[in-house]
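Visitor: Got a structure for you, questions after.
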Amino acid sequence: MAEREIKTTVRPNVFGLANDQCVWSRAGVVKPVKCMNAFDCLGCAFDQKVQADFEAREHQARGAAPDPRPVRLRMLMNQLKCRHMLSGRVTYKLCGHGYNCVQCPYDQMIEDTAFTPRLSAPACDHAAGFDVARDYYYHHHHAWARVEYGGRVRIGLDDFAARMLGPLEAIELPKLGESVQQSLPQAGLRRGNHRAEALSPIDGKVLAVNPKIGAVPAAANRDPYGDGWLMVIQPTNLRKNLKNLLYGDESLAWMDDESSRLATMLSETSGYRLAATGGEIVRDIFGTVPHADWNRLVSSFLA
């Protein structure tokens, strides 16, 4: 598939969360509307607008006398449901901290779960012998982005890149706090004397890197959508970046096209037929195909 900008929804699909309704909708404060900020309520412009509108109406009704209590508390004091309960992140939790979410230890605990190595295993579809994880976004140079609760994004290499390069001996990741940009290098990949660079699927700042990757870089080959993740990012242009990524059915069609391109290349250069064994492509294409050209593979699919 030729490199191009692929339009998709700008509303992030949050991995592993069935509910997509804004917490204010679930609380009955506003009419039904879908969350547009991956349940990052404290950084959401719509959340701030809802509270500002409520304060304006309150001020008009009571005059100039200010109310020192948090706006969220005044709006939800009749039900006291924690915003994480309203979002669907937890089944049941009432607020015991006066809706002062910034200083709430429970809220911080929920935020910290974004750094757990694996929230849950993804279900995968199959396209021409390659796995395509559902509810993941894909960069056209074979990196994935998984939008998680609270707006953070976990990223890694897709199954195509993992199988094409085979088990890696080293993966060089950026340091915590460093910035990455969409379609620019984010990680160095090394196998023997061969090296490649993986491009970032989104813009953002690195919040966490996978500690397993440093010790066992081959994990990116064995389990690219799970334990082989590379890093967690705090995105800076998420909704804009998502317009350039593939999602859902288009990612399956794209993977099928990429498999055909790879099969044609291998047939032309080495006479190798890329056939799926038991419904899957071999796990180490570079190490299996005679005379496979590392540089051509990298420049054609990852660069």
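Visitor: Which count do you get for residues in the range 7-28 that are aliphatic (A, V, I, L, M) and farther than 14 Å from residue 87 by Cβ?
Guide: 1
Visitor: Same structure, new question: Run down 57, 72 and say which single residue is part of a helix (DSSP H, G or I) and within 34 Å of the chain's Cα centre (by Cα).
Guide: Exactly one residue qualifies, and that residue is 72.
Visitor: Now, a different point. Can you find even one residue in the range 172-180 that is acidic (Asp, Glu), surrounded by fewer than 23 Cβ atoms within 10 Å (Cβ to Cβ) and under 27 Å from residue 21 (Cβ atoms)?
Guide: No, the range 172-180 contains no residue that is acidic (Asp, Glu), surrounded by fewer than 23 Cβ atoms within 10 Å (Cβ to Cβ) and under 27 Å from residue 21 (Cβ atoms).
Visitor: Moving on. For the range 142-151, does any single residue satisfy the condition of being of a type in the set (Phe, Trp, Tyr), part of a strand (DSSP E or B) and in the same structural domain as residue 254 (by TED's automatic domain parsing)?
Guide: yes
Visitor: Moving to a separate point now. Tell me, which helices (runs of 4 or more DSSP H) lie completely within the range 166-277 with 2 or more residues that are closer than 14 Å to residue 143 by Cβ and touching a residue at least 24 places away in the same chain (Cβ under 8 Å)?
Guide: Result: 238-242, 249-270.
Visitor: Regarding residue 299, is this residue loosely packed, with under 14 Cβ neighbours inside 10 Å, of a type in the set (Ser, Thr, Tyr) and more than 25 Å from the chain's Cα centre (by Cα)?
Guide: no
Visitor: For the range 25-76, give me each residue that is touching a residue at least 40 places away in the same chain (Cβ under 8 Å) and over 16 Å from residue 149 (Cα atoms).
Guide: Passing the criteria: 26, 27, 29, 75, 76.
Residue-by-condition table, conditions (1) surrounded by 21 or more Cβ atoms within 10 Å (Cβ to Cβ); (2) at pLDDT below 95; (3) within 15 Å of residue 283 (Cβ to Cβ):
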{"site": "119", "(1), (2), (3)": "no, yes, no"}
{"site": "125", "(1), (2), (3)": "no, yes, no"}
{"site": "132", "(1), (2), (3)": "yes, no, no"}
{"site": "137", "(1), (2), (3)": "yes, no, no"}
{"site": "149", "(1), (2), (3)": "yes, yes, no"}
{"site": "152", "(1), (2), (3)": "yes, yes, no"}
{"site": "155", "(1), (2), (3)": "yes, no, no"}
{"site": "159", "(1), (2), (3)": "yes, no, yes"}
{"site": "165", "(1), (2), (3)": "yes, no, yes"}
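Visitor: Which one of these does residue 96 not meet: (1) over 19 Å from residue 245 (Cα atoms); (2) in the same structural domain as residue 249 (by TED's automatic domain parsing)?
Guide: All conditions pass for residue 96, except number (2).
The values are calculated or read from the model by the stated rules, or taken from the named source; none is laboratory data. Being a predicted model, the structure only gives us computed values, none of them experimental. No Cβ is skipped: glycine too gets one built from the backbone with ideal geometry, and neighbour counts run over all protein chains shown.
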